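For reference, the structure is listed below as structure tokens.
The values are calculated or read from the model by the stated rules, or taken from the named source; none is laboratory data. Model, not experiment: these values are computed from the prediction. Every residue, glycine as well, gets a Cβ built from its backbone with ideal geometry; the counts of neighbours run over all protein chains shown. Ligands, DNA and RNA are stripped out before the accessible areas are found, and what is left, the full protein with its side chains, is counted by its heavy atoms. Shrake-Rupley method; radii C 1.70, N 1.55, O 1.52, S 1.80 Å.
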Amino acid sequence: MANNRRMSGKKGAQVGSGGQRRRGLEGKGPTPPAEARKGHAKQRAAAAKVRRAQGRPQQRKGGGRSTSELVVGRNPVYEALRDGVPATMLYVQQFIDNDERVREALQLAAERGNIHLMEAPRPELDRMTNGLNHQGLVLQVPPYEYAHPEDLPAAAYDNAEDPLIVALDGVTDPRNLGAVVRSVSAFGGHGVVVPERRSAGMSAGAWKSSAGAAARTPVARATNLTRTLEQYKKAGITVVGLAADGEAEVGDLAALSGPVVIVVGSEGKGLSRLVGETCDHRVRIPMPGGAESLNAGVAAGVVLYEASRRRS
């Protein structure tokens, strides 16, 4: 019987595809909305909103914190307190001459209510400041808590707005960073991105230049600026670089009315090569007066105004 079965010409059960080939020829249906597409900025914003509603902490890849900073000297300490620079401790030298500037600094610190006053001998202040001329006053500025680059477009989409972000490439002057933060706040932007290396950070000088805008405008820190810009592009955000030899003028760029990242380089060198190649558009600011370049704060303000005008 067994031999007859083996010699039979009848075929037994065959291994088939289970219908997979047929199903593979079928259409996949309409493209899902942005909120349902994995990796899209709107999907990330929707997921972040759900996490907040559930009270779960958000998991971030970076951002990080800066180191604490000391502001030394009677005038710098007074100006930092007057301009709203965050502070945790005001060190006052024992037996200090109680002049007008010292009294004003102490009064401002007391009005804040969250700054501790600490009396210290002069040798201790000398040690803390590495021998700088502190004049008996030292202000401790806490580490700045940087946002993650993904937080900026997510916050915009949470408010049903197109992202308007400024990225700085090689800007090392903290005053320029503070001025950019101030312009972003003034024109309804959603934040500033700075590289982790070779870039100004949110120091006391940047806080002062922002004129208080740093308290309401997030600054994100990117480990790799080029990679961050590429991720923004994948999320549907146009990357616009400012360059003296740009192909078009700022006023002619329609992309400013949509989701956009404006990249500003240093005053001397402009955009770095990799960042410039990553940009979707390279635009220039017309300057009939003949100036060769603008500092980062002024250049960002000009483009932010144009973007704000188009969106209003």
message: Any residue in the range 111-137 that is in contact (Cβ under 8 Å) with a residue 12 or more places away in the chain and open to solvent by 90 Å² or more (accessible area, probe 1.4 Å) sitting within a Cβ distance under 7 Å of a residue that is outside any loop (DSSP other than H, G, I, E, B) and not hydrophobic (A, V, I, L, M, F, W, C)? List the pairs, counting only those 6 or more apart or interchain.
response: Arg122/Gln93
query: What is the number of the single condition among (1) over 17 Å from Leu164 (Cβ atoms); (2) modelled with pLDDT of 90 or more that Gly246 does not meet?
result: (2)
query: Does Val85 meet the test of being surrounded by 19 or more Cβ atoms within 10 Å (Cβ to Cβ), at pLDDT below 95, assigned to a helix (DSSP H, G or I) and not charged (D, E, K, R)?
result: no
field: strands (runs of 3 or more DSSP E) wholly inside the range 207-277 containing at least 2 residues that are under 30 Å from Arg82 (Cα atoms)
entry: 219-222
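Let's see how each residue does on (1) surrounded by fewer than 22 Cβ atoms within 10 Å (Cβ to Cβ); (2) out of contact with any strand residue (DSSP E or B) (no Cβ under 8 Å at 6 or more places or on another chain); (3) more than 15 Å from Val302 (Cα to Cα):
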| position | (1), (2), (3) |
| --- | --- |
| Val141 | yes, no, yes |
| Ala154 | no, yes, yes |
| Asp158 | yes, yes, yes |
| Leu164 | no, no, no |
| Asp169 | no, no, yes |
| Thr172 | yes, no, yes |
| Val180 | no, no, no |
| Gly189 | no, no, no |
field: Residue in the range 244-259 that is in contact with a Leu (Cβ under 7 Å, 6 or more places away or on another chain) and either crowded, with 17+ Cβ neighbours inside 10 Å or within 19 Å of Ser183 (Cβ to Cβ) (or both) present
entry: no
message: Any residue at all in the range 268-290 that's buried (at least 22 other Cβ atoms within 10 Å of the Cβ) and over 18 Å from the mean Cα position of the chain (by Cα)?
response: yes
